[in-house]
Each structure stands twice: as C-alpha cells, then as structure tokens.
Amino acid sequence: MELLPQGQKNTATEVSWEDQQRINKFSSLINKKDDLQDTLKNYTVEKEYLDDLGLEIEMLDEEEKIQYKIGEAFFFLSADQATLKIEKQDEELASKISKTEETIDEIDEQLASLKKQLYAKFGSNINLER
C-alpha cells in the first residue's frame, strides 16, 4: 500500500548500480567543469592584464629601464626585453586558455551523453538541470 495523494501514481524507476555510477560521473563532471570555468576566467583576466601592460610598455622609450617581476623578485629590464617576456607569457596563456576551452568542450560532450542516457531511463523523475 502506497501513501501517495489521491490520483497520483508511483512513477519511480529502480536505480541500478550502473545508473548510480552515471549519476556520480555526471556530478563529478559538473564540478570539474565549474573549476575549469573559474580557471578560464582567471586566465582571461590575466591575459587582459598582460595585453594592457604590453600597450603601456610600448609607449615607453625602448631603453628605459622598468621593474619586471619574476616570482618574488623584481629585475630591471629594458622596455624591449620586458615586451619580449610579456609576449612569451601572453602566448603561453593563450595556449592554456585554448586547452582549457577544449577540455570544457569535451566535458560538455560527456555531460550531454550522460544526460541523454539518464533522461531516457528516468524521464521527469530526475533533474539534471541547474
């Protein structure tokens, strides 16, 4: 005997071990995607900062010495040397951004596949939307 309100039927579907593994995988992928999106946002902000810094340095005299931070120490470099270092950092950051975006796209594909499988079995009994 079920204690459901009058007129409602029990539409629950049994959750198998494989289904639970898919649900767990979906959850872990969502968390990983969130972390990667935060990382991507930080990379983007840092890249914008480097772009602005590069523009500022271009306005300086080529031989003017500026302080350039490497790790915890500051070094005096010419504007040309600093520009080269900033360009190298910018390229590395662009590569990191590209790899992070590719990883997010791969996760999105996996999430779409898992969603399709889980909604096919559980229908409206499961909510995978945020």
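From the set of residues in the stretch 34-89 that are open to solvent by 80 Å² or more (accessible area, probe 1.4 Å) and of a type in the set (Phe, Trp, Tyr), which is farthest from Glu106 (Cα to Cα)?
Phe76
Identify, please: which residue in the stretch 71-107 is β-branched (Val, Ile, Thr) and within 20 Å of Gly54 (Cα to Cα) and is, among those, modelled with the lowest pLDDT?
Per the criteria, the residue is Thr83.
So which residues in the stretch 14-33 are over 25 Å from Glu101 (Cβ atoms), surrounded by 12 or more Cβ atoms within 10 Å (Cβ to Cβ) and either at pLDDT below 85 or of a type in the set (A, V, I, L, M) (or both), if there are any at all?
Selection gives Val15, Ile23.
Within the stretch 90-130, restricting attention to residues that are open to solvent by 70 Å² or more (accessible area, probe 1.4 Å) and of a type in the set (Asp, Glu), which residue is farthest from Glu58 (Cα to Cα)?
Glu129
Against the definition (at pLDDT below 95 and not hydrophobic (A, V, I, L, M, F, W, C)), how does Gln110 come out, yes or no?
It is false that Gln110 is at pLDDT below 95 and not hydrophobic (A, V, I, L, M, F, W, C).
Here are some residues: Glu102, Glu92, Glu109, Glu129. Which one is assigned to a loop (DSSP other than H, G, I, E, B) and either without any contact (Cβ under 8 Å) to a residue 12 or more places away in the chain or in contact with a His (Cβ under 6 Å, 6 or more places away or on another chain) (or both)?
Glu129
Check off (1) outside any loop (DSSP other than H, G, I, E, B); (2) at negative phi for Glu62 and give me the number that stays unchecked.
Of (1) outside any loop (DSSP other than H, G, I, E, B); (2) at negative phi, only one is false for Glu62: (1).
The values are calculated or read from the model by the stated rules, or taken from the named source; none is laboratory data. Only a predicted model underlies this, so the values are computations on that prediction, with no experimental measurement involved. Cβ coordinates were reconstructed from backbone atoms using ideal geometry, including for glycine residues, and neighbour counts include every protein chain displayed. The protein model used for the area step is the full one, side chains on, heavy atoms only, and it has no ligands, DNA or RNA in it. Shrake-Rupley method; radii C 1.70, N 1.55, O 1.52, S 1.80 Å.
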